[in-house]
1. Scan (1) over 20 Å from Asp113 (Cα atoms); (2) over 10 Å from the mean Cα position of the chain (by Cα) for the single condition Glu71 breaks and write down its number.
2. Look through Val37, Val49, Val78 and report the one residue that is over 10 Å from the mean Cα position of the chain (by Cα) and under 22 Å from Arg112 (Cβ atoms).
3. Only one of (1) modelled with pLDDT of 90 or more; (2) not in a strand (DSSP E or B) fails for Ile115. Which number is that?
4. Looking only at region 1-54, which residues are β-branched (Val, Ile, Thr) and farther than 20 Å from Val106 by Cα?
5. If you scan region 81-118, which residues turn out to be open to solvent by less than 50 Å² (accessible area, probe 1.4 Å), of a type in the set (A, V, I, L, M), out of contact with any helix residue (DSSP H, G or I) (no Cβ under 7 Å at 6 or more places or on another chain) and touching a residue at least 12 places away in the same chain (Cβ under 8 Å)?
6. Taking the stated definitions as given, is Leu75 touching a residue at least 24 places away in the same chain (Cβ under 8 Å) and in a helix (DSSP H, G or I)?
7. If you scan region 71-115, which residues turn out to be under 17 Å from Arg5 (Cα atoms) and of a type in the set (Phe, Trp, Tyr)?
8. Looking only at region 80-103, decide whether some residue is at pLDDT 90 or above, aromatic (Phe, Trp, Tyr), closer than 17 Å to Ala16 by Cα and assigned to a strand (DSSP E or B).
Amino acid sequence: MKGLRVLVVEDQAPIALQLEDMLVESECEVVGPASRVGQALRLLSDNTVDAAVLDLNVAGELVYPVADALEARGLPYVFATGYDPSDVAGRYGHHRVLQKPFSRRVFLQAIRDTIRQD
């Protein structure tokens, strides 16, 4: 995963920092983290991104516009959320959903699997 540029969209600072730490320890480059959907869309348009980790609900707004932008670019992503996986809207349901809390091992394996699928 060395050099992989991962957009992190998470509105809770402690969780965003944990995700960032796990990615950096795996030699990834973190884009963000973004704590708002608009901020995530700007980061996505202004930066090269290889993959993304998306919280489902970001400051009260569903993250689907970011997922749509990623889909349009053919970029892989996973959802990392406190919601039940069944809460992810149907058209996004084929993406991996990690239910918080999750371990470092589970998180990094989900990123690897997602990259390999795309």
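1. (1)
2. After ruling out the rest, the residue left standing is Val49.
3. Unmet condition: (1).
4. Val31, Val37, Thr48, Val49
5. Val88, Ala110, Ile111
6. It is false that Leu75 is touching a residue at least 24 places away in the same chain (Cβ under 8 Å) and in a helix (DSSP H, G or I).
7. Tyr77, Phe79, Phe107, listed by residue number.
8. no
The values are calculated or read from the model by the stated rules, or taken from the named source; none is laboratory data. Note that this is a predicted model, so its numbers are computed, not measured. With ideal geometry, Cβ positions are generated from the backbone for all residues, glycine too; neighbour counts draw on all protein chains shown. These accessible areas exclude ligands, DNA and RNA; they are computed on the full protein's heavy atoms, side chains included. Shrake-Rupley method; radii C 1.70, N 1.55, O 1.52, S 1.80 Å.
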